[in-house]
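Following: one structure in structure tokens, then a few remarks.
The values are calculated or read from the model by the stated rules, or taken from the named source; none is laboratory data. Owing to the predicted nature of the structure, the values given are computational and were not obtained by experimental measurement. For neighbour counting, all protein chains shown are included, and Cβ atoms are generated from backbone atoms with ideal geometry for every residue, glycine included. Accessible surface is based on the protein model in full, side chains and every heavy atom, while ligands, DNA and RNA are left aside. Shrake-Rupley method; radii C 1.70, N 1.55, O 1.52, S 1.80 Å.
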Amino acid sequence: MVWPVMKLIITILSVLMFSLSAFADNVTDLRPAIKEAADANGIDPVLMEAIIRHESAHATSKAARSKNNLAGIMGRRGQRSYGSKEECVADLGRILAKYKARGRVTTAQIGRVYCTTGGWSRYIDSYMKAIRSGKYGNVDLYSQPAAADE
């Protein structure tokens, strides 16, 4: 009687572990697009990835799945919809570049206009630390120089 229960528990845990690792990869797979948008706008790609991970629950939120909105970007009628996740990443880069041009460069400064929820910058800082430490895989791509246009 114990063995069937143990087998069920192991199966459930295996599925959960596989699912959670797949969710983390949803963002990791976007690193080339994040790097491109960051380079194009002079933004730290780790900051962009941290915002995406936080705002979309690692690209699993309803907005991420139904609207390709990975960053909680709002429009006049609520959350914006994008044709692709890469399109959202590019828009996030443009938004952060506008903040940078206005002198908003720290997560605390960005958080005051990007999000009305208290503590946002602490979450972003925590994600940035985790990303840089390799928690979500190697981030060497972010430190590579931008490819020259041919």
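Cross-link reach is defined here as a Cα-Cα straight distance under 16 Å, omitting same-chain residues fewer than 8 places apart; for LYS135 the aspartates and glutamates meeting it are ASP25, ASP29, GLU49, ASP125.
Accessible area ranking (1.4 Å probe, heavy atoms, ligands and nucleic acids excluded), largest first, for MET128, MET74, MET48: MET74, MET128, MET48.
Modelled spin labels at MET74 and ARG112, positioned 7 Å past Cα toward Cβ, are 1.7 nm from each other.
Exposure check, 1.4 Å probe, all protein chains in place: ASP39 carries approximately 70 Å² of accessible surface. Over the range 88-147, accessible surface divided per residue gives 62 Å², non-protein components excluded, 1.4 Å probe. Quickly work out the ARG65-to-LYS100 label distance, labels modelled 7 Å from Cα along the C-beta direction, and quote it in nm with one decimal. Here the modelled spin labels are 3.3 nm apart.
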